């Protein structure tokens, strides 16, 4: 889990340790509606993706790939795999929480921008 935290920090995706930190990762891993995938190359963690399907909606909450391994198809492979697994759970569609900076990646992966946006109480 420390390697995943390191990757999140390198990608400026570690603003809320209570949501993204090791304790949260353990809770996600134990949750039956969650899908938490890690990509390893030669035994080294280089990326992760996590999402959930609640019986109605499926959403990818996090995708992160180590900067040294970006633009090599790892993010795309992680997205394809989590979408497949969420659909196997019964999800009719899959959405993702993203940033403006990552929009083009998600569009290339087959997602399209909607009018909905994320709000939080943090």
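We did not get these values from a lab; they are worked out from the coordinates using the rules stated. What you see is a predicted model, and the numbers here were worked out from it, not measured in a lab. Cβ coordinates were reconstructed from backbone atoms using ideal geometry, including for glycine residues, and neighbour counts include every protein chain displayed.
Counting only Cα atoms, the size of the chain along its three principal axes is 34, 30, 30 Å, in decreasing order. The distance between label points at residue 68 and residue 115 comes to 4.6 nm (points 7 Å beyond Cα on the Cα→Cβ vector). Highest mobility in the GNM of the chain, judged by mean-square fluctuation with C-alpha springs under 10 Å and restricted to 90, 43, 73, is found for 43. Between residue 95 and residue 40, the modelled labels are 3.4 nm apart [label points 7 Å from Cα along Cα→Cβ].
Residue separation of residue 80 and residue 19 scaled by 0.36 nm, minus their Cα-Cα distance, works out to 19.6 nm of gained length. Using C-alpha pairs under 8 Å with a sequence gap of at least 6, the mean separation divided by the residue count of the stretch 2-108 gives a relative contact order of 23 percent.
When each of the peptides 34-42, 22-30, 62-70 is scored by the mean number of other C-beta atoms lying within 10 Å of its residues, the order from highest to lowest reads 62-70, 34-42, 22-30. Among rounded, prolate and oblate, which fits the stretch 75-122 when a ≥ b ≥ c are the square roots of the eigenvalues of its C-alpha gyration tensor, a/c under 1.5 means rounded, and a/b larger than b/c means prolate? Oblate, because a/c is 1.5 or more while a/b does not exceed b/c.
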